[in-house]
1. Give the peptides 304-317, 173-186 in descending order of average Cβ contacts within 10 Å, highest first.
2. Compute the acute angle (0 to 90°) between the alpha-carbon long axis of helix 340-351 and the principal axis of greatest extent of the alpha-carbon atoms of the chain; round to the nearest 10°.
3. May I ask you to sort 127, 427 by Cβ crowding, counting other Cβ atoms within 10 Å and putting the fewest first?
4. In degrees between 0 and 90, to the nearest 10, how far off the longest principal axis of the chain does helix 382-391 point, with axes built from Cα atoms?
5. Under 1.5 on a/c is rounded, so check that first for segment 8-92, then, if it is not, pick prolate when a/b is larger than b/c and oblate when it is not; a ≥ b ≥ c are the square roots of the alpha carbon gyration tensor eigenvalues.
6. Starting from the 7 Å offset along Cα-to-Cβ, what nm value, one decimal, do you get for the label separation of residue 133 and residue 490?
7. Per DSSP helix of 4 or more residues, -39500 (n - 2.57); summed, then divided by the residues of the chain. What does that give at 222 nm, rounded to the nearest 500?
8. When the chain is fully extended, how far beyond the present Cα-Cα distance does residue 125 get from residue 61, taking 0.36 nm per residue of separation?
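Nothing in this text is a laboratory measurement; each read-out follows from the coordinates by a stated rule. Here the structure is a predicted model, which is why all the values come from computation and not from measurement. As a convention, Cβ positions derive from the backbone with ideal geometry for all residues, glycine included, and neighbour counts pool all protein chains shown.
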């Protein structure tokens, strides 16, 4: 005898909303009680043609009446639903992957097939935000072992598109973040491409920082490039610097990151899988990982930095990517500029040979490692070759090629970049040496001033760690698009100043 699942008839009410994630319906709480379901449970929505789709339930008494169901635009399109049409709803079980998420919540090791099932359900939008958050939390608390990291990496790679390039040497770099103003990518890419290497660099926009590489590059040219254009430009001139979010490389990872952000959680294993999957998706076979270490960065101790570096190298070996992880200083912003336009100007000033500060120094060190890894420079000579590529103008020439091919003006110079209309000099209130410049406070201050949405907003430091300052010296400039944002930034300084002056007297004992 066939057992039929209980269902109820309801009339469709079309709602002018899209979710961009799992399909959603809204029901009256009395109908939910009759069907025996709760918020975030699943129901099977059965259309007139016996087609059915599983959706996640939310409740409301404002948008729908009893015997009525509110349907999102996506769901209505998929089932060709019309206003007032009668359909049937019946309870549905959670996806199989929830069993494996609970397994990880119980600190058990996941098999390859189980991780693939989770990632597939992420891509298919079969998991609710709560279920995704549970998975991220489980990884954060219980971590992934190296086999699980490898399986997660491969599953993320297989979830999206891949690019194959004509050239044999495909190089890449990644910084795990936490340091303000760290625009080394925009120097490393043209240096390496000018030396005959292929570097299809997909970069991120800002989440919590004052600017991402994509935000800064966008000051010079468009960065929302389709996959085919990334491929054609790279094959033609050796490099691009684009926004990774514009293409469907490793899309499962992009969905996970959106959940990680509000949780302020970066599970170690997922961070490694995220980075390595995106590098593998563009065919990288030589990679450097920049791991900044400092009080305000994601990695605060040398022990943790070394452990993370070893794990990146291990996953690189498993994927066939020659990987070198570099532990770098993260006790202050890299370079003196923070904010898209200010950072873009600093990059061009470096390429033009006008300045060579710690941004140029670090960029040449990173580029030098890749030049040596790929045999373009002898061991110990990579830095010198990288710096020479700036000094002889080849890096600037290559950068202008990249800008032009991505749709910008190749004639752009550091002097042609416009800065914000409003500016305030922040002065030192006493004499001393700069002991620390907080990356967190710097980023937050720049964001209060309007960065990265306001491309011209940000900070420019006149003094850096180790330098002597006198009372009345300019520590840094605050740039803002309007007076209100500038005043908000200056008010913030009264509570949380990013610059710490060294104290000679540590403690007084009486």
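1. Descending mean neighbour count gives 173-186, 304-317.
2. It is inclined by approximately 40 degrees.
3. The order, fewest Cβ neighbours first, is 427, 127.
4. The answer is roughly 80 degrees.
5. Note, shape of segment 8-92 comes out rounded.
6. 4.0
7. It lands at -12000 deg cm²/dmol.
8. Stretched fully, the residue 125-residue 61 segment lengthens by 20.4 nm.
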